[in-house]
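In what follows, a single structure is set out as structure tokens and then discussed.
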């Protein structure tokens, strides 16, 4: 089926929205006062040359996106036109966008991400995205780690002053000049040969680690 051409006005809207998103990340991020927790986990992986897959809950992506910019980290983004704004924004922030979703181009995107991780790249995935349920781990993250042979590095953040939206993910936007806590959890290594029961157990472990470091960040910031 031939795709309907995208109008010029729609393209302009997406371009402007991407520019606004890029400016928002850099504008707010540059004013924040950082405290990094659990950095030893991140440092150990980098020092040993171990590539990895970052996992972040959807509601806590703002600070990780800002903090890890310009490192050519790969992210799977929807192939639908609605995902074009996200893809353009993250490219402007120095990420690599791999296009695909559960309804279009998903298998191709999965294999591209696996190939990138196997080649030594670092990837990122949102286990409860893009539509939730909140804090419920979907299997894609573990399957990517298993097929590529890389560990999963949990990550989260909180802010002393921030706006928590009433969206499904309770998205947290730090306010300018706020003190923030960026936190890395202990990496989770995923063996290649796993039974369905073991996959379920690892899913529960990763889900718990992500939720625990989010709570730890919140407690640190008393948010």
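The values are calculated or read from the model by the stated rules, or taken from the named source; none is laboratory data. The model shown is predicted, which means the values in this text are computed figures rather than measured ones. Heads up, the Cβs are rebuilt from the backbone with ideal geometry, glycines too, and the neighbour counts pull from every protein chain shown.
Just one of (1) closer than 27 Å to residue 33 by Cα; (2) part of a loop (DSSP other than H, G, I, E, B) trips up residue 219, so point out which.
(2)
Condition test on residue 162, is it buried (at least 17 other Cβ atoms within 10 Å of the Cβ), touching a strand residue (DSSP E or B) at 6+ places or on another chain (Cβ under 6 Å), modelled with pLDDT of 95 or more and under 20 Å from residue 49 (Cα atoms)?
It is false that residue 162 is buried (at least 17 other Cβ atoms within 10 Å of the Cβ), touching a strand residue (DSSP E or B) at 6+ places or on another chain (Cβ under 6 Å), modelled with pLDDT of 95 or more and under 20 Å from residue 49 (Cα atoms).
What tally of residues in region 139-159 results from selecting those that are more than 17 Å from the chain's Cα centre (by Cα) and either surrounded by fewer than 17 Cβ atoms within 10 Å (Cβ to Cβ) or closer than 21 Å to residue 58 by Cβ (or both)?
2
Where in region 71-146 are the strands (runs of 3 or more DSSP E), entirely inside, with at least 2 residues that are within 23 Å of residue 19 (Cβ to Cβ) and touching a strand residue (DSSP E or B) at 6+ places or on another chain (Cβ under 7 Å)?
Working: elements: 74-77, 96-99, 123-125.
Fully inside region 71-146 and qualifying: 74-77, 96-99.
Under 7 Å by Cβ, and 6 or more places apart or on different chains, what pairs join a residue from region 85-102 that is within 21 Å of residue 12 (Cα to Cα) with one that is modelled with pLDDT under 90 and not in a helix (DSSP H, G or I)?
If the second residue must be modelled with pLDDT under 90 and not in a helix (DSSP H, G or I), the pairs left are 87/99; 99/79; 99/105.
Condition (residue is modelled with pLDDT of 90 or more and touching a helix residue (DSSP H, G or I) at 6+ places or on another chain (Cβ under 6 Å)) applied to region 102-111: is it met by at least one residue?
no
Return yes when residue 173 is in contact (Cβ under 8 Å) with a residue 24 or more places away in the chain, surrounded by fewer than 20 Cβ atoms within 10 Å (Cβ to Cβ), assigned to a strand (DSSP E or B) and in contact with a helix residue (DSSP H, G or I) (Cβ under 7 Å, 6 or more places away or on another chain) and no when it is not.
In short, yes.
Collect the residues in region 183-211 that are farther than 15 Å from residue 59 by Cβ and in contact with a strand residue (DSSP E or B) (Cβ under 9 Å, 6 or more places away or on another chain), keeping them in residue-number order.
184, 185, 186, 187, 188, 189, 190, 202, 205, 206, 209
Restricted to region 176-205, and to residues that are in a helix (DSSP H, G or I) and touching a helix residue (DSSP H, G or I) at 6+ places or on another chain (Cβ under 7 Å), which residue is surrounded by the fewest Cβ atoms within 10 Å (Cβ to Cβ)?
My answer is 199.
With 124, 97, 87 as the choices, which residue is at pLDDT below 95 and under 14 Å from the mean Cα position of the chain (by Cα)? Write out each step before concluding.
Working: 124 fails: at pLDDT below 95; 97 fails: at pLDDT below 95.
Being at pLDDT below 95 and under 14 Å from the mean Cα position of the chain (by Cα) holds for just one of 124, 97, 87, which is 87.
With the requirement that a residue be in contact with a strand residue (DSSP E or B) (Cβ under 7 Å, 6 or more places away or on another chain) and either without any contact (Cβ under 8 Å) to a residue 40 or more places away in the chain or part of a helix (DSSP H, G or I) (or both), what does region 22-47 give you?
28, 39, 41, 42, 45
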